[in-house]
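Beneath this line is the structure, given in structure tokens, with notes to follow.
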Amino acid sequence: MFFRHSNEMWSEFPELVPGVLFAEGISSNVDVSDRIARYHTIAADRLAQGGESEMPEIQAWRRTFSKMGLKPTQYRCASEALLRRFRQEGSLPRLHPLVDLCNAISIAFAIPVAVFDLAKISGDLEVRHADGSESYLTFSGETEHPEPREVIFADKAGQAHARRWTNRQSGLSAVRDDTRSALIVAEAMHEEARSDVPRLVGAIAAELGVDWSITATQGLLSSSSPRFDLSSAMNSQRQQKRG
């Protein structure tokens, strides 16, 4: 079982820098309020210096959305949408401790972070262009079919776990109270992404260690090393628990 971006994606977007974590042992009975507040302060300080549209991380994703043929003010990357809501309301909705924490880290870094319940993913998960046959489950329970050539997170069963790349995740693999294992993906396109993404991934890993006592398996992907081996990560974490 692997997570990867297709060769076509790497060819079209050579500036892409993805960071990945696998964590097993997630629970919902964790208080992360103090940790979230720290990242919200960082985001607020950044916003005080200029709106989210001025941030290089967001500008890079806007250029990417334009390249995909999408109007960037109609379809926003997840971190821009969160920053916009945080700027307008001063807070973000609480959903699940892991999601809340990753959302807080996302707005602190202005980089999209996706969190998937791994138990809901069938086989390999690949970021690729849709062929139009895939199914996407909305949070309201409706089924949609991505447009051909739309960038999606697709598994082997033809389920789209995110639409328009970093725009919107699926309700199917959303993290819920019964989630135990999670795949976390951060993706950036800006000039400093090669240094910022490892820092973001390290921050999430540190929080998983503090709040859930989990040693997450981490990976930084590239066109020359495009695959994150989830099966190996699962086996490694289970061996650590037995040890």
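The values are calculated or read from the model by the stated rules, or taken from the named source; none is laboratory data. These figures come from a predicted structure and were not determined experimentally. For neighbour counting, all protein chains shown are included, and Cβ atoms are generated from backbone atoms with ideal geometry for every residue, glycine included.
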Q | Residues that are buried (at least 16 other Cβ atoms within 10 Å of the Cβ), in contact (Cβ under 8 Å) with a residue 12 or more places away in the chain and either over 22 Å from G51 (Cβ atoms) or not hydroxyl-bearing (S, T, Y) (or both), drawn from the stretch 63-80 | A | F65, M68, L70, R76, C77, A78, E80
Q) If A60 satisfies every condition in (1) in contact with a helix residue (DSSP H, G or I) (Cβ under 7 Å, 6 or more places away or on another chain); (2) closer than 23 Å to S195 by Cβ; (3) of a type in the set (G, A, S) but one, which is the exception? A) (1)
(Q) Yes or no: the stretch 170-187 includes at least one residue that is touching a strand residue (DSSP E or B) at 6+ places or on another chain (Cβ under 6 Å), of a type in the set (D, E) and farther than 15 Å from F22 by Cβ. (A) yes
Q.
Only one of A186, A203 is closer than 30 Å to E144 by Cβ, among the hydrophobic types (A, V, I, L, M, F, W, C) and either assigned to a strand (DSSP E or B) or in contact with a helix residue (DSSP H, G or I) (Cβ under 8 Å, 6 or more places away or on another chain) (or both). Can you tell me which?
A. A186
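Condition check ((1) among the hydroxyl-bearing types (S, T, Y); (2) touching a Cys at 6+ places or on another chain (Cβ under 6 Å); (3) modelled with pLDDT of 95 or more) across all residues:
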{"residue": "E144", "(1), (2), (3)": "no, no, yes"}
{"residue": "F153", "(1), (2), (3)": "no, no, yes"}
{"residue": "A160", "(1), (2), (3)": "no, no, yes"}
{"residue": "L172", "(1), (2), (3)": "no, no, yes"}
{"residue": "T179", "(1), (2), (3)": "yes, no, yes"}
{"residue": "G243", "(1), (2), (3)": "no, no, no"}
**Q.** Lone unmet requirement of (1) surrounded by fewer than 24 Cβ atoms within 10 Å (Cβ to Cβ); (2) farther than 23 Å from V32 by Cβ for S91
**A.** (2)
**Q.** Residues satisfying the stated conditions in the stretch 141-173, i.e. out of contact with any Lys or Arg (no Cβ under 6 Å at 6 or more places or on another chain), over 20 Å from T64 (Cα atoms) and not in a strand (DSSP E or B)
**A.** G141, E142, H145, K156, A157, G158, S170, G171
Q: Would you mind finding the one in I42, I58 that is in contact with a Leu (Cβ under 8 Å, 6 or more places away or on another chain), of a type in the set (A, V, I, L, M, F, W, C) and either at pLDDT 95 or above or surrounded by 14 or more Cβ atoms within 10 Å (Cβ to Cβ) (or both)?
A: I58
(Q) For the stretch 67-81, which positions are more than 18 Å from P146 (Cα to Cα) and in a helix (DSSP H, G or I)? (A) S79, E80, A81
Q) Looking at this structure, is R176 of a type in the set (K, R), part of a helix (DSSP H, G or I) and surrounded by fewer than 23 Cβ atoms within 10 Å (Cβ to Cβ)? A) no
Q) Is there any pair linking a residue in the stretch 5-18 that is acidic (D, E) to one that is in a helix (DSSP H, G or I) and surrounded by 19 or more Cβ atoms within 10 Å (Cβ to Cβ), with Cβ under 8 Å and at least six apart or on different chains, and which? A) E15/A60; E15/A193
Q: Those residues that are under 26 Å from F86 (Cα atoms) and assigned to a strand (DSSP E or B), I need them from the stretch 1-42; list them, please.
A: V17, P18, G19, V20, L21
